[in-house]
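Note sheet for the following structure.
Just so it is clear, none of the values below were taken in a lab; they were calculated from the coordinates. Predicted model only: the values in this text are computed from it and were never measured.
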């Protein structure tokens, strides 16, 4: 039962890391959209665009809990309990960030709007 509590704490810490990453990415995309005079992006549209990448981040977190968590609980009982929250916060953030960078679509949408506006301004394509 004690190990289950550690796994739950690790999962919650990892989900907090994923939440921090999602909010940081959303903030970055909103700034990029504003600077490029592109339509604003909302939390719901971001979650819809990058849902696969975010789910992959959650799967990565769960895999790390089962792989690293079991070994950590058995080997480093005292040390692991003290540092598990911090470790899994970074595991959640890093896994989600990596998945969004590789599989994310929201940034591509904003970049395509900015590229189109730049091409129109440069006269490469006619304004429609």
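Points to keep in mind about this one:
- Helix 106-122 vs. the chain, principal-axis angle (Cα, 0 to 90°, nearest 10): 20
- Alpha carbon Rg of the chain, scaled by the compact-globule rule 2.2 N^0.38 Å: 1.39
- Full extension of the segment from residue 114 to residue 52, taken as 0.36 nm per residue of separation minus the current Cα-Cα distance, would add 19.9 nm.
- Residue-averaged [θ]222 nm for the chain, counting only DSSP H segments that reach four residues, each worth -39500 (n - 2.57): -27500 deg cm²/dmol
- Between residue 44 and residue 83, residue separation times 0.36 nm minus the direct Cα-Cα distance comes to 10.7 nm.
- Angle of helix 51-64 to the longest C-alpha principal axis of the chain, folded into 0 to 90 degrees and rounded to 10: 20°.
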